[in-house]
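**Q** Below is a structure I'd like to ask you about.
Please treat every number below as a calculation from the coordinates, not as lab data. It should be emphasised that the depicted structure is a prediction, and the values quoted were computed from it without experimental measurement. Glycine also receives a Cβ, built like all others from the backbone with ideal geometry; neighbour counts cover every protein chain displayed.
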């Protein structure tokens, strides 16, 4: 009887040991952390086809990925949706040079990590990767409670939602408009009105009109002929008398 109890106890211990070992083997380990890829993040979120295409054509996606993965730089991206690009006037993007497209995308990148709450502590104008003077690329942020509003002097936009954040280095926020900087989209000044021609001034000015009419000139000429004729007649008379 004692042997049977002892054998049963040993069998239970062996069973528990193997069950624990199997459970530890089956438990998944932490997923390997691969390099951050901004286009992959946007693709997974959907509705950013135009932005992804522009990031790739300007190679700004490579610069962002290098800054995140090699330089450990914090970055905040204000990501316009496909609808935001479609709201632009027809032909707007096609009218830009490659350099202007690059600067436009840089204008949507802030070179530091910002949580939603940190937008409340920003000083205007906010510096972006577009650089340049504040008059050319001004980006101003105002907040009202949890709402974040952005203005560029030409565009008023709102942070719609958080697309992605790792809470330390990268934050991507959806904006409902393409942020148009003054340095690229400033309206051209209207052409100056042509100066009036001098000849027209003379023709319209009564002060510069001719001093006499053709009729007055004719009268003066007739008087001169009569005087000359009188002088000649007087001279002939005097000669005949002498």
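**Q** Return the FRET efficiency for the residue pair residue 121, residue 158: r is the Cβ-Cβ distance, R0 is 25 Å, and the value is rounded to the nearest 0.05. Let's see the in-between values first.
**A** Details: r = 19 Å, r/R0 = 0.74.
Given R0 = 25 Å and the Cβ-Cβ separation, E is 0.85.
**Q** What list do you get for 71, 129 if you sort them by fewest beta carbons within 10 Å? Each step should come with its number before you reach the end.
**A** Details: 71 9, 129 20.
Ascending Cβ contact count within 10 Å gives the list 71, 129.
**Q** Got a sec? How would 43, 70 order by Cβ neighbour count within 10 Å, fewest to most?
**A** Neighbour counts put them in this order, fewest first: 70, 43.
**Q** Full extension from residue 47 to residue 90: what is 0.36 nm times the residue separation minus their Cα-Cα distance, to one decimal in nm? Numbers along the way, then the final one.
**A** Values: separation 43, 0.36 × 43 = 15.48 nm, distance 1.93 nm.
Answer, rounded to one decimal: 13.6 nm.
**Q** Still on this structure: Kindly state, to the nearest 0.05, the FRET efficiency for residue 83 paired with residue 37, given R0 = 25 Å and r defined as their beta-carbon distance. Show your work: numbers first, answer last.
**A** Values: r = 24 Å, r/R0 = 0.94.
In this case the efficiency is close to 0.60.
**Q** Using only the alpha carbons of the stretch 38-185, what is the convex hull's orientation-averaged projected area in square nanometres?
**A** Details: hull surface 32.2 nm².
If you wrap the Cα atoms of the stretch 38-185 in a convex hull and average its projections, you get 8.1 nm².
**Q** Translational D (Stokes-Einstein, µm²/s) of the stretch 31-96 at 20 °C and 1.002 mPa s when Rh comes from the Kirkwood sum over C-alpha pairs?
**A** 162
**Q** With both bridge residues required to lie in the stretch 38-185, what share of the DSSP beta bridges run antiparallel, to the nearest 5%? Mind dumping the intermediate values first?
**A** Numbers: 15 of 21 bridges.
The answer is about 70 percent antiparallel.
**Q** OK, next. Take peptides 60-69, 44-53 and line them up by average Cβ neighbours within 10 Å, highest first, as a rough protection proxy. Could you put the intermediate results ahead of the total?
**A** Values: 60-69: 17.5, 44-53: 15.9.
Top to bottom by mean Cβ count within 10 Å: 60-69, 44-53.
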